[in-house]
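Readers should treat all values here as calculations from the given coordinates under stated rules, not as data from a laboratory. Quantities reported herein were computed from a predicted structural model and do not represent experimental measurements. Note: ideal-geometry Cβ built from the backbone for every residue, glycine included; neighbour counts use all protein chains shown.
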Amino acid sequence: MSIMDQFASQTGFPSLTDLETALFACTACPLRDKAIGPTSYNGDPRSPLMLVGEGPGGVEDEYGVPLVGPSGQLLDKALARVGISRDRVYTSNVVKCRPAGNRTPTVEEGEFCAARWLDAEIALVQPKIIIALGSVALKYLYHAKARITADRGKWFRTRHDIAAIATYHPAYLLRLTGEQERKAKWEVVHDFEAAINELKTLAPNWNLKTDPPPDLLTLYADRREARKQSAKTGG
Ligand code: SF4
């Protein structure tokens, strides 16, 4: 049995819908206390390309989906440069509940949450390529001693035996200025191009772009409203 099949057989979830229902009820760690609720995924579960970020911020917590706030908008711009729209990839996070104050989740928080949820998502989606966005995703998917500054742009196999490449998280790019910002943004575009080139071999028939791309905030407006009501009633 392949490593991927072993992961798949261990998930216990027949479908992503079942996984999402269980995820939204998760209270397994203290991060849940300060968040509106766990955030799920967005995009197309049939996609051969999965993006994995670190953890949700305030806008993501409101909408219940990853990478739709300022970081997500910068990510969308970088992806658009290389001909990718977010509805044609699958996006998720290592950690599902927003750490208070929008801090970056710790490696330990990542290990705890991803072993329950992200592993199961990966087993169900079975992407051909994963792009790890930032240090927390790189450390979880690759190994704890990996460093984003040293390892970005290099191919590795994830613990699920999937081809992966790491690049900077958009939240990091938002903190940069001047030449540092310009250089890092080009490196991200370069890493996305490397992933696209691999996909040409691994999934030649998958169309990575919808034109015009759908607005994610509009797509998830109903979920946002439901979470708002649920927060009000303490549900
Ligand atoms: S962070 Fe993950 S493990 Fe912790 S409560 Fe949220 S979904 Fe559950």
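Tell me the mean residue ellipticity at 222 nm calculated for the chain from its helices only (DSSP H runs of n ≥ 4, each -39500 (n - 2.57), averaged over every residue, nearest 500). Intermediate values should be presented prior to the final figure.
Working: 13 runs with 116 residues, N = 235.
One gets -14000 deg cm²/dmol as the mean residue ellipticity at 222 nm.
I need the calculated FRET efficiency for the pair residue 108 and residue 231, taking r as the beta carbon distance and R₀ as 35 Å, to the nearest 0.05. Mind dumping the intermediate values first?
Values: r = 27 Å, r/R0 = 0.77.
So, using R0 = 35 Å, E works out to roughly 0.85.
Around residue 42, which amide H atoms from residues at least 5 apart in sequence, or from another chain, sit under 5 Å from its own amide H, with H modelled in the peptide plane?
91
Which residues in the stretch 95-122 place their backbone N less than 16 Å from a point set 7 Å from the Cα of residue 176 along the Cα-to-Cβ direction?
Zone members listed by number: none at all.
Can you list residues whose amide H is under 5 Å from residue 154's amide H, if they're 5+ apart or on another chain and H is modeled 1.01 Å from N?
Hits under the 5 Å cutoff: 166.
Over all pairs of distinct alpha carbons, what does the Kirkwood formula give as the hydrodynamic radius of the stretch 111-165, in Å?
Numbers: mean 1/r = 0.0885 Å⁻¹.
It works out to 11.3 Å.
Provide the net charge surrounding residue 42, with neighbours chosen by a C-beta distance below 15 Å and charges set as Lys +1, Arg +1, Asp -1, Glu -1.
Details: positive: 46, 86, 88, 96, 223, 224, 227; negative: 20, 44, 60, 61, 62, 76, 87, 121, 215, 222.
Summing Lys and Arg as +1 and Asp and Glu as -1 gives -3.
Per-residue HN-Hα couplings for the stretch 199-206, Karplus 6.51 cos²θ - 1.76 cosθ + 1.60 at θ = phi - 60°, whole Hz, x for Gly and Pro?
My calculation for the stretch 199-206 gives 5, 4, 8, 7, 8, x, 9, 7 Hz in order.
Could you check the simple spin-label distance between residue 210 and residue 147, using points 7 Å along Cα→Cβ, in nm with one decimal?
If labels sit at residue 210 and residue 147, their model points lie 4.1 nm apart.
Counting Lys +1, Arg +1, Asp -1, Glu -1, what net charge surrounds residue 205 among other residues with beta carbon under 15 Å of its beta carbon? Mind dumping the intermediate values first?
Numbers: positive: 46, 88, 128, 200, 209; negative: 44, 198.
So the environment of residue 205 carries a net charge of +3.
Using a ≥ b ≥ c from the Cα gyration tensor of the stretch 108-235 (square roots of the eigenvalues), is it rounded, prolate or oblate, where a/c under 1.5 gives rounded and otherwise the larger of a/b and b/c decides, a/b for prolate? Present the calculation step by step, with values, prior to reporting the outcome.
Details: a/c = 1.37, a/b = 1.33, b/c = 1.03.
It is rounded, given that a/c, with a ≥ b ≥ c, falls under 1.5.
Can you tell me the dipole magnitude for the chain around its Cα centre, using point charges on the Cβ only (Lys, Arg +1; Asp, Glu -1), in Debye to the nearest 20?
Details: 30 positive and 28 negative charges, 86 e Å.
I would put it at about 420 debye.
Assuming a viscosity of 0.692 mPa s and a temperature of 37 °C, what translational diffusion coefficient in µm² per second does Stokes-Einstein assign to the stretch 23-160, Rh being the Kirkwood radius over Cα pairs?
Values: Rh = 14.9 Å.
Once the numbers are plugged in, D ends up at 220 µm²/s.
For the pairs 77/128; 96/183; 77/232; 183/209; 34/77, flag any whose C-alpha to C-alpha distance is greater than 27 Å.
As for pairs spanning more than 27 Å Cα to Cα, those are 96/183; 77/232; 34/77.
With label points built 7 Å along Cα→Cβ from the Cα atoms of residue 186 and residue 24, find their separation and express it in nm.
Output for this residue pair reads 4.5 nm.
With only Lys, Arg, Asp and Glu charged, each at its Cβ (+1 for the first two, -1 for the last two), find how big the charge dipole of the stretch 12-94 is about the Cα centre; round to the nearest 20 debye. Walk me through the numbers on the way to the answer.
Working: 7 positive and 10 negative charges, 56 e Å.
Charge dipole, the stretch 12-94, about its Cα centre: 280 debye, nearest 20.
I'd like the per residue volume of the convex hull spanned by the Cα atoms of the chain, given in cubic angstrom. The partial results should precede the final answer.
Details: hull volume 28.2 nm³, N = 235.
It comes to 120 Å³ per residue, whole-number rounded.
If you take every DSSP beta bridge fully contained in the chain, what fraction is antiparallel? Give it as a percent rounded to 5.
On the way: 5 of 18 bridges.
For the chain, the DSSP antiparallel bridge percentage is about 30.
Have a look at 174, 99, 113 and report the one farthest towards the positive end of the charge dipole of the stretch 3-222, computed about the Cα centre with Cβ charges (Lys/Arg +1, Asp/Glu -1).
Value computed over the given set: 174.
Give, as a single signed number, the net charge of other residues whose beta carbon lies under 13 Å from the beta carbon of residue 148, with Lys and Arg counted +1 and Asp and Glu -1. Please list the in-between numbers first.
On the way: positive: 139, 145, 147, 152, 154; negative: 54, 151, 187, 191.
Net local charge, residue 148 excluded: +1.
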